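The values are calculated or read from the model by the stated rules, or taken from the named source; none is laboratory data. In this text the structure is predicted, and so the values were computed from the model without any measurement. When we count neighbours, we look across all protein chains shown, and the Cβ atoms used for this are built from the backbone with ideal geometry, even at glycine.
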Amino acid sequence: MQSSILRDTLHQTDAQPTAMTDPRRHRRLPVSLAGRFMREDRNEFTCELKNISVGGALVSSPHAPEIGERVIAYFKHLGGIEGVVTRRTPNGFAFAFKVTEYKREKLAAQIMWLINRADFPEDAGRLHERMGTHGRRTTLKVDDVIIDVELLDLSASGASIGTPARPPIGSFVMVGKTRAIVRRHHARGIGLQFLALLSPEALRESFS
């Protein structure tokens, strides 16, 4: 399945892609994720993501492409990422992303979630005290669409939202002023997990 995703991604062209030719301008964060990448000749190889920023990544693989070569890498939680190889290392290679502004913003949210996911086991939202929010309203932003929703309950790690909208589980949204990931669908709406734990002050600022 990953092979087909990589091949499909290789032939997709996002509107106005931007080559991130200076990934060191962005802070690299250590992340260990298994994945695959496709070279320009369409051969695919396994790899491991070692660190990442919104501008580029370092990948471990015995099959390093040539500098300047275009690659497509696929990692769980991140999906397919297109880029250009900027340097080779003894254990792999680094590549700069060639992405749209929308994709870069989505990557920033995904990276933030990956860095903070140790704080969020699968039932993380239930590990923190939920506060009742009867009758309170907030906004939910899905892609570029903003809708008015009911805030059913709220905690430091997540929220339950009353809405007929059903963004896919695992997708990233903005609720109030806070980025979150959709964790479940329920009868009245959706359950969200914040990308970082919020202090009481941050909760008040985001949902006042």
Revision key, fill the gap. Per the filter on the range 25-55, residues of a type in the set (Gly, Ala, Ser) and part of a strand (DSSP E or B) are SER32, ALA34, GLY35
**Study point:** Near pairs, Cβ below 6 angstrom, 6+ apart or cross-chain, from the range 69-82 (acidic (Asp, Glu)) to any residue that is part of a strand (DSSP E or B)
**Key:** GLU69/VAL85; GLU82/ILE72; GLU82/LYS98
Practice item. For the range 6-22, state whether one or more residues are among the β-branched types (Val, Ile, Thr), in a loop (DSSP other than H, G, I, E, B) and either at pLDDT below 50 or touching a Pro at 6+ places or on another chain (Cβ under 8 Å) (or both). Key: yes
Check your understanding: Taking the range 175-204, which residues are assigned to a loop (DSSP other than H, G, I, E, B) and under 22 Å from the mean Cα position of the chain (by Cα)?
Key -> GLY176, LYS177, LEU195, ALA196, LEU197, LEU198
Exercise for review: For the range 71-92, name all the residues that are more than 22 Å from the chain's Cα centre (by Cα), surrounded by 15 or more Cβ atoms within 10 Å (Cβ to Cβ) and not small (Gly, Ala, Ser).
Suggested key: THR86
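Residues are listed down the side, and each one gets a yes or a no for (1) loosely packed, with under 14 Cβ neighbours inside 10 Å; (2) of a type in the set (Lys, Arg); (3) outside any helix (DSSP H, G or I):
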position	(1), (2), (3)
ASP153	no, no, yes
SER160	no, no, yes
ILE169	yes, no, yes
VAL173	no, no, yes
SER206	no, no, no
Exercise for review: Would you please name the residue that is modelled with the highest pLDDT, looking only at residues in the range 59-80 that are closer than 17 Å to GLN110 by Cβ and not in a loop (DSSP other than H, G, I, E, B)?
Suggested key: VAL59
Point to revise | Filter result for ALA180 (among the hydrophobic types (A, V, I, L, M, F, W, C), at pLDDT 85 or above, touching a Phe, Trp or Tyr at 6+ places or on another chain (Cβ under 6 Å) and buried (at least 21 other Cβ atoms within 10 Å of the Cβ)) | key: yes
